[in-house]
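Notes for the one structure printed next.
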Amino acid sequence: MAAPLVLAILFLVIYPLFKLVYDSLTQGDGPGNYVEAFKSSAIRKAILMTLAQSAAVTVLSVTLGSSLAWTLRRATRRSVTAVLWAAVLLPFWMGLVVKNYAFALLLAREGAVNHFLQKLGLIDQPVQLLYTAFAVVLGMTYTMIPYAVLAAYPTMTMVDVELLNAAQGMGASKRKTFSTVLMPLIRPGIVASTAIVFAISIGFYVTPVLLGGAQTPFIATVISDDIFTFFNYPRAAASSVILLVIAISVLGLAMKAVGLKAIRGGLG
Amino acid sequence: MTTRTDRILDGLFTWVGRLIVGIGALFMAVPALFIAMLSFSNDQHIAFPPKTWGVNRYVDLFTSDTWAAPIGLSLRLAAVTAVVALLLVLPAIIGLKRSNLRGGGFIEGASVAPMLFPVAAYAVGLYAVFAEVGLLASFQGIVISHVIHAVPMVVIILSTAMDQIRPELELAAMTMGASRGRAWLGVTLRLLTPAVAGAAIFAFVSSFDEAVFITFLGGPGLVTLPKLIFDSVQFGVDPAITAVATVLMIVTSALLFFATRLRKDVR
Amino acid sequence: MGSNLLRRGTPWLRTTAVAAATAMLVAACGGGSKQNSAAEAEDKGPLVIASWGAYFSAATKKNLVEPFTKETGIQVQIVDAPGKYVANLQSQQKAGKMQWDLLDSTSGPDAYILADQKLVEPLPADLKKQFESVLSKGSVVDFGFTFSNLGYVIACRTDKVKECPPDAKSFFDKSIPGRRQSVATSPLINLSMAEMASGVSPKDLKTHEINLDRAFAKLKEIKPEMKVWWQSGDQMEQAYRNGEVEMGIAYSGRAFSLNDKGTPMKVVWTDGIYNPGFWQVVKGSQHTKAAFKFLEWVANHPEAQAGWAKDTGYSVPNPKAFDYMADDLKTKQVDWPANREQLASLNYEWYVKNQAEVNKRWQEFLRG
């Protein structure tokens with residue numbers, strides 16, 4: 001009964017990826033597509049931008065996300081958990097494009113953020129927020145926090161709170177308990193959520209286009225340029241393979257560190 | 001035992017933790033509320049703060065034909081996607097879980113993998129394959145891409161649910177005289193129903209919200225709601241978007257909340 | 001792996017698998033497939049026109065398509081594919097079936113690229129002659145005629161800037177303060193503007209071979225002042241309206257309409273660039289005859305062209321169309337003689353020959 005699914009995976013997951021690699025090596029300039037890609041300052045910048053901004057997004061999302069996840073784990077009052085879950089899941093349900101749209105309106109030159117900053121007297125002139133790397137990181141973090149929470153939450157539920165109480169009962173400070181007892185216990189969850197958030201982040205297309213404008217390209221932006229504006233599919237294929245390799249390496253490293261189970265657990 | 005400085009530092013530590021959580025929660029809530037607020041402005045163009053209030057945006061949304069066609073297409077696409085994804089995954093998962101087939105874990109892993117691929121790279125791969133077989137800019141092509149996009153979530157939901165249904169129940173039914181088919185229908189499928197419904201809703205919403213595949217693989221005449229919103233945000237904004245967004249938020253929240261509840265029922 | 005599983009399974013397992021596959025196929029085929037009736041002796045279409053969407057497609061439908069269908073009985077369908085004509089035609093060609101018959105207002109560079117790649121039909125000689133006799137000078141080319149002509153001009157928000165740059169040279173001069181924008185999707189426009197800023201006369205632009213190093217150096221100088229690189233007219237309007245920018249390179253028609261809708265704008269014709277769009281017939285379309293009939297109808301109906309111009313703000317090639325326009329509309333058209341003579345024309349032949357390098361360097365400039 002698994003046959004249709006297996007066929008679908010073969011033809012629609014494995015074959016496209018195989019074809020991508022194959023085309024990137026045989027069409028256009030052949031392996032030279034990669035040379036072309038790395039020679040282009042636009043693509044080099046896009047790769048750096050993608051990695052740097054995704055790293056920032058990952059740090060922010062995992063920090064905020066695991067804090068939220070831990071609070072959700074520990075909170076006992078129903079009202080607190082309800083409000084927190086709503087805050088976490090609302091954006092998850094809001095629709096990707098709509099989320100970005102909200103940020104475009106918040107960050108515009110005559111938008112709400114500039115309005116409040118001026119009202120508070122912190123700035124005289126509106127500052128450029130939209131169409132910057134800052135806007136992209138903010139928008140992407142917003143999208144990724146729910147993933148980070150959901151990825152870290154399962155390991156947190158498995159932590160035995162008594163252990164922490166015991167450590168503190170034996171005189172350890174809260175900070176000490178955090179770093180020597182809690183951290184090792186939740187490490188797999190943190191690593192899994194870091195890898196998942198990073199791997200998903202580097203493939204982003206919508207947010208960099210809408211909030212970053214022309215000058216904050218992601219790899220996906222130059223790929224779409226190559227396909228739709230410059231009709232250079234071979235180089236687009238090469239850039240896509242580069243993107244894939246980065247994602248697979250990150251996931252592979254994480255898997256090696258904490259095992260497949262933690263990653264798989266982080267998804268569900 | 002603990003020193004005074006320790007206590008002070010611990011207090012600080014707790015407060016920093018609370019601050020982070022507070023910032024996180026606030027950061028998550030503000031944009032959603034902001035959009036909802038702007039949707040009740042009657043200004044001709046979106047501006048902050050709004051000068052006039054009212055429900056014009058909602059009137060626009062439900063009366064202009066700009067939105068009707070994309071919403072219709074998105075609904076159709078999402079419905080077909082959900083059905084196809086279920087037809088694909090449900091038999092597979094039941095088969096894999098009940099047959100203890102070797103390689104089952106691999107198949108499950110491979111079907112979850114697309115969730116972790118960078119969407120843009122994967123879209124280019126599909127673009128090449130679709131160009132080869134003439135599926136670019138076709139409804140069928142978009143359905144296929146959306147199904148693949150939805151499969152990981154559906155697999156995860158159904159597989160988790162199946163793990164929770166003990167095969168012994170089926171066996172018990174059979175020892176009590178039920179045929180294999182009846183035991184299966186009466187026990188497993190019934191226990192699985194909430195998860196199936198939940199999975200269908202997740203698949204539906206994932207297609208309804210999808211904006212990247214449609215950009216790379218879609219084409220003329222295939223403007224879905226997210227694509228229309230994406231284009232209007234990228235290219236200039238129709239104020240009715242705020243109303244669309246608010247309605248979307250409420251509807252998808254309700255749907256997914258419901259779906260999550262269904263999942264919990266299985267557990 | 002798949003077939004193995006099938007063989008090992010029980011018969012009903014196999015049936016389920018087949019049923020699932022069939023269901024997927026049936027479900028997937030449920031919508032969207034396009035019917036193609038065989039071409040009849042007299043070509044009655046139906047025609048498929050690719051257009052730019054929203055109000056643009058609406059104007060074409062109302063002013064051109066509907067009266068044409070009424071007169072000839074040829075059915076016409078419009079599909080929206082803004083800015084994606086070349087990519088779409090290439091993929092249709094790859095798939096071996098052209099789904100479109102006509103292109104509504106292909107942008108200048110794309111029109112020449114399509115002609116260069118032999119994706120559009122050349123005009124039959126007699127038709128070309130006939131078009132030349134009714135349309136304004138220079139508007140008929142081998143592969144079609146101009147339509148939806150517009151100007152790329154310098155435009156400023158008069159309430160935000162003290163001084164609006166009077167020509168390309170001052171627009172590229174950083175000492176004139178102002179947050180600027182320009183078009184992201186057309187390297188040729190930006191490079192040509194930069195060359196005029198370096199002293200190339202607008203009159204020579206049509207045959208001038210752009211000095212890429214010089215032009216890009218000029219663009220780099222002003223890049224920090226460019227706050228928005230717009231991708232569409234709507235986006236450009238919005239950047240002016242919400243104060244994201246104060247001056248920039250804009251579509252002339254859009255700048256005027258902004259002004260009419262309450263955002264005070266000044267339009268500078270000096271060093272503006274004339275940018276035609278083109279009606280084109282797709283090569284390998286199944287209704288070439290009917291498609292050319294449509295072009296003939298459009299060329300010879302100035303009143304329809306005038307109505308179209310009124311709805312879109314873009315300019316049209318039949319000089320008689322001015323007779324059907326209000327004075328206010330006429331003088332804003334780029335084909336209006338007084339405006340036309342101030343506007344520079346682009347060297348498309350040079351661009352088509354050098355596009356690979358130009359595009360590459362443009363991407364590096366814009367994204368890098």
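The values are calculated or read from the model by the stated rules, or taken from the named source; none is laboratory data. Given the structure is predicted, the values throughout are model-derived calculations rather than measurements. Cβ: placed from backbone, ideal geometry, glycine included. Neighbour counts: every protein chain shown.
For (1) surrounded by fewer than 24 Cβ atoms within 10 Å (Cβ to Cβ); (2) at pLDDT 90 or above; (3) facing another protein chain (nearest Cβ under 7 Å), each residue gets a yes or a no:
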position	(1), (2), (3)
A:Met94	no, no, yes
A:Val98	no, no, yes
A:Ala108	no, no, yes
A:Leu120	yes, yes, no
A:Val127	yes, no, no
A:Ala133	yes, yes, no
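Any idea how many residues of the stretch C:55-67 are surrounded by fewer than 21 Cβ atoms within 10 Å (Cβ to Cβ) and in contact (Cβ under 8 Å) with a residue 40 or more places away in the chain? Before you say what the answer is, go through the steps one by one.
Residues of the stretch C:55-67 surrounded by fewer than 21 Cβ atoms within 10 Å (Cβ to Cβ): C:55, C:57-58, C:61-62, C:66-67.
If we keep only those that are in contact (Cβ under 8 Å) with a residue 40 or more places away in the chain too, we end up with C:55, C:57-58, C:62, C:67.
Result for the stretch C:55-67: 5.
Restricting attention to the stretch A:160-186, the residues being loosely packed, with under 14 Cβ neighbours inside 10 Å and either touching a strand residue (DSSP E or B) at 6+ places or on another chain (Cβ under 7 Å) or not small (Gly, Ala, Ser) (or both) number 9. Scanning the stretch C:149-187 for residues that are assigned to a helix (DSSP H, G or I) and modelled with pLDDT under 95 gives a single hit, C:Pro187.
Can you say whether B:Arg102 is closer than 30 Å to A:Ile9 by Cβ, outside any helix (DSSP H, G or I) and charged (D, E, K, R), as far as the supplied structure shows? Spelling it out, B:Arg102 is indeed closer than 30 Å to A:Ile9 by Cβ, outside any helix (DSSP H, G or I) and charged (D, E, K, R).
Restricting the stretch B:1-35 to residues that are among the hydroxyl-bearing types (Ser, Thr, Tyr) and more than 7 Å from chain A (Cβ to nearest Cβ), which is farthest from A:Leu84 (Cα to Cα)? So, considering only residues that are among the hydroxyl-bearing types (Ser, Thr, Tyr) and more than 7 Å from chain A (Cβ to nearest Cβ), the one farthest from A:Leu84 (Cα to Cα) is B:Thr3. Please work out if C:Met196 is in contact with a strand residue (DSSP E or B) (Cβ under 6 Å, 6 or more places away or on another chain), buried (at least 23 other Cβ atoms within 10 Å of the Cβ) and not assigned by TED's automatic domain parsing to the domain that holds C:Ala306. So C:Met196 passes the test.
In this structure, is B:Ile107 closer than 20 Å to B:Arg166 by Cα, facing chain A (nearest Cβ under 9 Å) and either touching a residue at least 12 places away in the same chain (Cβ under 8 Å) or surrounded by 14 or more Cβ atoms within 10 Å (Cβ to Cβ) (or both)? Don't jump to the end; show me each part of the working.
Working: closer than 20 Å to B:Arg166 by Cα: no; facing chain A (nearest Cβ under 9 Å): yes; either touching a residue at least 12 places away in the same chain (Cβ under 8 Å) or surrounded by 14 or more Cβ atoms within 10 Å (Cβ to Cβ) (or both): yes.
No, not satisfied.
Mind telling me which of the residues C:Gln130, C:Gln99, C:Gln90, C:Gln75 ends up being surrounded by fewer than 20 Cβ atoms within 10 Å (Cβ to Cβ), of a type outside the set (Gly, Ala, Ser) and modelled with pLDDT under 90? Outline the logic, then answer.
Details: C:Gln130 fails: modelled with pLDDT under 90; C:Gln99 fails: surrounded by fewer than 20 Cβ atoms within 10 Å (Cβ to Cβ); C:Gln75 fails: modelled with pLDDT under 90.
Matching residue, one of C:Gln130, C:Gln99, C:Gln90, C:Gln75: C:Gln90.
Only one residue in A:Gly189, A:Gly203 is on the phi < 0 side of the Ramachandran plot, buried (at least 17 other Cβ atoms within 10 Å of the Cβ) and outside any helix (DSSP H, G or I), so which one is that? Step through it out loud before you land on a result.
On the way: A:Gly189 fails: outside any helix (DSSP H, G or I).
Selected residue: A:Gly203, the only one of A:Gly189, A:Gly203 that is on the phi < 0 side of the Ramachandran plot, buried (at least 17 other Cβ atoms within 10 Å of the Cβ) and outside any helix (DSSP H, G or I).
Selection of the stretch C:170-189 for residues being in contact (Cβ under 8 Å) with a residue 40 or more places away in the chain and under 13 Å from C:Ile154 (Cβ atoms) yields C:Phe171, C:Phe172, C:Gly178, C:Arg180, C:Gln181, C:Ser182, C:Val183, C:Ile189.
Restricting A:Leu25, A:Leu20, A:Leu10 to those that are assigned to a helix (DSSP H, G or I) and farther than 30 Å from B:Leu86 by Cα reduces the list to A:Leu25. Within the stretch A:1-26, being among the β-branched types (Val, Ile, Thr) and either under 16 Å from A:Ser240 (Cβ atoms) or in contact with a Lys or Arg (Cβ under 9 Å, 6 or more places away or on another chain) (or both) holds for A:Val13, A:Ile14, A:Val21, A:Thr26. Pairs meeting the criteria (first residue in the stretch A:226-247 and at the interface with chain B (Cβ under 8 Å from one of its Cβ atoms) and farther than 23 Å from A:Ala199 by Cβ, second residue assigned to a helix (DSSP H, G or I) and β-branched (Val, Ile, Thr), beta carbons under 8 Å, at least 6 apart or on different chains) are A:Tyr233/A:Ile227. Screening B:Pro152 on (1) at pLDDT below 80; (2) closer than 21 Å to A:Met255 by Cβ shows it passes everything except condition (1). For the stretch C:199-215, a residue qualifies if it is touching a residue at least 40 places away in the same chain (Cβ under 8 Å) and crowded, with 21+ Cβ neighbours inside 10 Å, and the qualifying residues are C:Pro202, C:Leu205, C:Ile210.
Look at the stretch C:77-102: where a residue is farther than 20 Å from B:Leu228 by Cβ and at the interface with another protein chain (Cβ under 7 Å from one of its Cβ atoms) and a partner is part of a helix (DSSP H, G or I) and at pLDDT below 85, sitting 6+ places away or on another chain with Cβ atoms under 6 Å, you get C:Ser91/B:Ala131; C:Lys94/B:Ala131. If the condition is being modelled with pLDDT of 90 or more and either part of a loop (DSSP other than H, G, I, E, B) or loosely packed, with under 15 Cβ neighbours inside 10 Å (or both), then the stretch B:60-90 contributes only B:Gly72.
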